[in-house]
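Student: There's a structure below that I have some questions on.
The values are calculated or read from the model by the stated rules, or taken from the named source; none is laboratory data. Predicted model, so just to flag it, every value in this text is computed and none were measured. So basically every Cβ, Gly included, is an ideal-geometry build from the backbone, and we count neighbours across all protein chains shown.
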Amino acid sequence: MPADGVKTLDFPHRLIERQIMAVPKRKTSRARRDARRSTHAGSAPSVVECPYCHSPKIPHRVCPNCGMYKGRQVLEVEE
Ligand SMILES: [Zn+2]
């Protein structure tokens, strides 16, 4: 049994085993390549001010400084 990716090709007078890999049929155009990469850029995380301790925090996350979220003490904060 041939290994993964190896195919036995049946030619008229001989059997040959060849490594077969996927090969693109056409060159990727600059437009298509650049369109693909248009979603690759990252962005800095947004930061809001905690309404309880006024330290910067990530929106919709528990404040790492005071442990508050939506008016509740969610985390015990070590001094
Ligand atoms: Zn806070």
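Student: Give the residue that is farthest from the ligand (Cβ to nearest atom), with candidates limited to residues of region 63-77 that are surrounded by 12 or more Cβ atoms within 10 Å (Cβ to Cβ) and in a strand (DSSP E or B).
Tutor: Restricting to residues being surrounded by 12 or more Cβ atoms within 10 Å (Cβ to Cβ) and in a strand (DSSP E or B), the top hit is 73.
Student: What tally of residues in region 32-62 results from selecting those that are away from the ligand (no atom under 11 Å from the Cβ) and either farther than 18 Å from residue 75 by Cβ or not in a loop (DSSP other than H, G, I, E, B) (or both)?
Tutor: Adding up the residues that qualify gives 16.
Condition check ((1) modelled with pLDDT of 95 or more; (2) under 24 Å from the mean Cα position of the chain (by Cα)) across all residues:
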| site | (1), (2) |
| --- | --- |
| 20 | no, no |
| 24 | no, yes |
| 28 | yes, yes |
| 33 | yes, yes |
| 42 | no, yes |
| 52 | no, no |
| 68 | no, no |
| 73 | no, no |
| 78 | no, no |
